[in-house]
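Nothing in this text is a laboratory measurement; each read-out follows from the coordinates by a stated rule. Small disclaimer: the values here were computed from a predicted structure and weren't measured. Cβ placement follows ideal geometry from the backbone for every residue including glycine, while neighbour counts extend to all protein chains displayed.
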Amino acid sequence: MTFSGESLRYDLRDPAIRSDPYPVFARLRREDPVHWSPALSAWLLTRYDDVRRAHVAPELGQGVPDKYERARSGAQNMSAYFRELIAQRRVQPCDDMISRLIAARDNDEALSEDELVASCMLMLFGGHETTTNLIGNAVHALINHPEQRAKLIARPDLIGSTIEEVLRFDGLSNSSARIVVTDHELGGKRLEAGQRVFAMINAGNRDASQFDRAECFDIERTPNRHLTFGQGIHFCMGASLARLEGRIALDTLIRRFPSLGLIDSDPPEWTNAMIMRGLRRLPVS
């Protein structure tokens, strides 16, 4: 891990940084909040206001030339898959979510096929990797903060604010990627069209200018205006589903296994990913 006196760098090849990037984020916010990373060939933004604005700023966009075409192709293939599955369930219903969506009625009106497909795709995206990371990060945070875990066990009504604090303290969204659309200055640095920008969401969520005791895990924190689900038109459509699944899973885990602990001889293993933050393995006892 990079410490004072060494060159300031954010390098996910370092297992220590993958495990705990927050000391590096703190230095970047302090010393170089608009930081050019030669290793990533990209700018890193780490202050709350800069990260928030990166999601709505007109001078930043989503680049990769064929990104939207590839996304459209993937969505069309997934839509075709769900349409075939929906047709099967209409003929032969099962005890599953798709069959229940088909049978659902609101004032005697059923979901259209397009609405069924959209609901299936949203649940798949919102309920897969993001929620998996949320649950893992939540369990890890509560194990490492036993006083907060005890508070949650004693007061299960805090499950909602606990999820929000996990999303802030060690969120599932490490960063979001942008492309500079027009040359402009930010924090005294010149950003040029075509350059990549990573808005480091988890760094912004620990900014002491926005959060009191930002480095503390506090399940009663309010207000909690974290940036984990994005901003503006880039706000995550699956946020409500991820929150719901997280609340249900964490509440169930805490009630069934109130004494979960880490295994000292088998440490957690974090994913090596720039955009998402989550655990590959979390051995517990």
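Restricting to the chain, what percent of DSSP beta bridges are antiparallel, rounded to 5?
Taking every DSSP beta bridge with both residues in the chain, the antiparallel ones total about 80 percent.
Let's see if you can work this out: charge +1 on each Lys and Arg Cβ, -1 on each Asp and Glu Cβ, no other charges. What is the dipole magnitude of the stretch 15-281 about its Cα centre, in debye to the nearest 20?
Once rounded to the nearest 20, the dipole reads 360 debye.
For the peptides 164-171, 87-94, 33-40, 128-135, what is the packing order when you average, over each peptide's residues, the other Cβ atoms within 10 Å and list the highest mean first?
Going by the mean number of other Cβ atoms within 10 Å, highest first, we get 164-171, 128-135, 33-40, 87-94.
Per DSSP helix of 4 or more residues, -39500 (n - 2.57); summed, then divided by the residues of the chain. What does that give at 222 nm, rounded to the nearest 500?
-13500 deg cm²/dmol
Pick from Tyr81, Tyr22, Tyr48: which residue has the top mean-square fluctuation in a GNM of the chain where Cα pairs under 10 Å get a spring?
Looking only at Tyr81, Tyr22, Tyr48, the biggest GNM fluctuation is shown by Tyr81.
Measure off 7 Å from each Cα along the Cα-to-Cβ vector at Glu147 and Glu215, then give the distance between these two points in nanometres to one decimal.
Rounded to a tenth, the inter-label distance reads 1.5 nm.
What is the distance in Å between the Cα centres of the stretch 85-122 and the stretch 180-228?
40
With unit charges on the beta carbons (Lys and Arg positive, Asp and Glu negative) and the dipole taken about the Cα centre of the stretch 15-281, which residue among Phe235, Trp36, Gln88 sits farthest to the positive side?
Trp36
Between the stretch 1-61 and the stretch 131-174, what is the C-alpha centre distance in whole Å?
After rounding, the separation between the Cα centres reads 24 Å.
Among the complete DSSP H segments of the chain, which ones combine at least 18 Å of alpha-carbon extent along their axis with a mean Kyte-Doolittle hydropathy of 0.0 or more?
Helices meeting the criterion: 113-126, 129-144, 239-256.
Please state the relative contact order of the stretch 15-281 as a whole percent: Cα pairs under 8 Å, 6+ residues apart?
28
Determine the principal axes of the Cα atoms in the chain, then give the extent along each, sorted from largest to smallest and rounded to whole angstroms.
Principal extents (Cα only, largest first): 67, 50, 35 Å.
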